[in-house]
Amino acid sequence: MITRRKFLKALGLLSATAAGVSAKTSRAEPTEYYDWSKHYYSFVVDSTKCIGCGRCVRACKLENEVPLEPFFFRTWVERYIWLKGEEEPYVDSPNGGFEGFPVIYDEKAIRKSYFVPKLCNQCDRPPCVQVCPVGATYKTEDGVVLVDEKYCIGCRYCIQACPYGARYLYPFNGPRKSRRGTADKCTWCYHRITKGLKPACVEACPVGARKFGDLKDPNDEIHKLLDENRISVLKPEQGTKPKVFYIGIDTEVR
Amino acid sequence: MRKIHIRVAMVYITAAILFLIIRSFVVPPTFGEYDWYRGDSVREIMELPPQHANATVCKDCHSERYDLWSGGAHSTVSCESCHGPSYSHTKDPIIVSANVDNSREFCGLCHAQNPSRPADFPQIDMDTHGNGNLCVVCHNPHSPWVFGGE
């Protein structure tokens, strides 16, 4: 039989080890070579330049191990068409624009039409982070919302919470094993930007419709873009404070 | 103090300690390093390997094409936009080859006439332009105003 004294002793010993395990090696920075307090990123989409070739969608999928089949997108391109005599626009995105956009309406029937690339807005006040029950999605100090694929339980709350539809559930036959069944989203290619590279979609865009920059770098061309253009964000009424800024879109684009 | 009070206190303290012990094993070590998440997750994501290199890297080995490209009308089109992600090709060019697609449809992805495209972007009628020949028979893909192909 265990006496009470023995039990308490054992308990004390256990809690001592536990305290040892949980003692954190508190580091100020994720790694030595990258100081995230010196960066704050921002993204500009110039919709007046986009030609809808879909190279960004493809580059993103290949860069980030996103399944190539439809309905899994970290970024995609939408086509907005206003037909003559109609009030509301027609919106489509065949396979996210992966193979480009076939012509569906005659030029003479179209009042106005353009392409709008979409991606995660990396909101300053992200609703997806608030709803996560386990702390598997979070905002980094340099302003990017990430998902911890080892900790996510795949409950889909964040997918529901995102007003922009930027998240999807990584399928169980996806190429990356450790990500299966978890929520996945655009990271602005966090593994690239922390090495000083541009996101893959920005790299792939042939016309400069996607621009990426660091707001804390005073010499970055992103400042010029933001200062010299009329800028809007998607769904400002949601109060999410998006960090993807759009040039040349109508209010019908949401 | 009555004995019962001590008993209740003991039960309470034991429960609290047990909770702390279980918690310390269940919560991962770097959880809360920065905030309400696992700090290691940031490092894991940062360490993912890039797939796309950059045109300046291609220059090291394909300097002739690079020079032609950087002076031509396709200088805004990254090499990898046409040849696919080539980071592993730059590390091991013989084993991993870059993609080459010289089909008409491929050029058409960007240049086919489409009313949704900006009007000032050069577009062609895919049915008639070039009489069905491969585009690269006439246009050099690396500098499309250079005629005579590769």
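Bear in mind these aren't lab numbers, they're just calculated from the coordinates by the rules spelled out. Given the structure is predicted, the values throughout are model-derived calculations rather than measurements. Cβ atoms come from the backbone with ideal geometry, glycine included; neighbour counts cover every protein chain shown.
Brief remarks follow.
- Total charge dipole magnitude, region A:69-155, about the Cα centre, Cβ charges on Lys, Arg, Asp, Glu only, Debye to nearest 20: 140 debye
- What the phi angles of region A:118-127 give under the Karplus curve with 6.51, -1.76 and 1.60, with θ = phi - 60°, is a coupling list of 10, 7, 5, 7, 6, 3, 6, 10, x, x Hz, glycine and proline written as x.
- Two-site FRET efficiency, residue B:147 against residue A:150, from Cβ-Cβ distance with R₀ of 51 Å, rounded to 0.05: 0.40
- Span-like helix ranges in chain B, DSSP H, alpha carbon extent 27 angstrom or more, Kyte mean at least -1.0: B:3-26
- Think of the protein assembly as shown as having a plus end and a minus end, set by charges on the Cβ of Lys, Arg, Asp and Glu; of A:232, A:134, B:26, B:26 sits farthest toward the positive end of this dipole.
- Taking a Cβ cut-off of under 15 Å around residue B:129, the surrounding Lys, Arg, Asp and Glu residues balance to a net charge of -2, with basic ones at +1 and acidic ones at -1.
- At full extension, residue A:195 and residue A:228 could sit 9.0 nm farther apart than now, given 0.36 nm per residue minus the alpha carbon distance.
- Ellipticity estimate at 222 nm from DSSP helix runs (n ≥ 4, -39,500 (n - 2.57)) divided over chain A, nearest 500: -6000 deg cm²/dmol
- Computed [θ] at 222 nm, helices only, for chain B once each DSSP H run of length n ≥ 4 contributes -39500 (n - 2.57): -12000 deg cm²/dmol
- Counted by neighbouring Cβ atoms within 10 Å, the residues A:87, B:33, A:99 run from fewest to most as A:87, A:99, B:33.
- Seen from a random direction on average, the alpha-carbon convex hull of region A:27-254 projects onto 13.4 square nanometres.
- Helix A:4-22 and the longest principal axis of the Cα set of chain A meet at an angle near 40°.
- Cα lying deepest toward the dipole's positive end in the protein assembly as shown, options B:119, B:93, B:1, charges on Cβ: B:1
- When only alpha carbons of region A:208-248 are considered, Rg and Dmax amount to 11.0, 32 Å.
- Residue-averaged beta-carbon neighbours from other chains (10 angstrom radius) around B:15-28: 3
- Only the Cβ atoms of Lys and Arg (+1) and of Asp and Glu (-1) were treated as charged; on that basis the dipole of the protein assembly as shown about its Cα centre amounts to roughly 3000 debye.
- Extension gain for residue A:84-residue A:178 works out to 28.9 nm (0.36 nm per residue, less the C-alpha to C-alpha distance).
- Estimated FRET transfer efficiency when R0 is 45 angstrom, pair residue B:70-residue B:18 (beta carbons, to 0.05): 0.10
- Rg followed by Dmax, in Å, when region B:55-147 is reduced to its Cα trace: 14.5, 42
- Applying Stokes-Einstein at 20 °C and 1.002 mPa s to the Kirkwood radius of region A:82-215, computed over alpha-carbon pairs, gives a translational diffusion coefficient of 124 µm² s⁻¹.
- Ranked for footprinting exposure by Cβ neighbours inside 10 Å, fewest first, B:46, B:126 give B:126, B:46.
- Computed over region A:48-150, relative contact order equals 25 percent, with contacts defined as Cα pairs under 8 Å that lie 6+ residues apart.
- Separation between Cα centres of region A:75-139 and region A:202-251, rounded to whole Å: 16 Å
- For region B:95-150, the normalised intensity computed at q = 0.13, 0.18, 0.23 Å⁻¹ comes to -0.37, -0.66, -0.97 (log10 of I(q)/I(0), Debye sum over alpha carbons, equal scatterers, no solvent).
- The orientation-averaged shadow of the Cα convex hull for region A:160-201, equal to a quarter of the hull surface, comes to 3.9 nm².
- Within the same chain, aspartates and glutamates fewer than 8 places from residue A:241 are excluded, and of the rest, those with a Cα less than 16 Å from its Cα are A:124, A:141, A:142.
- Our analysis of the protein assembly as shown gives Rg over Rh at 1.10, with the two radii drawn from alpha carbon positions and Rh computed by the Kirkwood formula.
- Each of A:188, A:36 was scored by other Cβ atoms within 10 Å of its Cβ. Listed from fewest to most, they are A:36, A:188.
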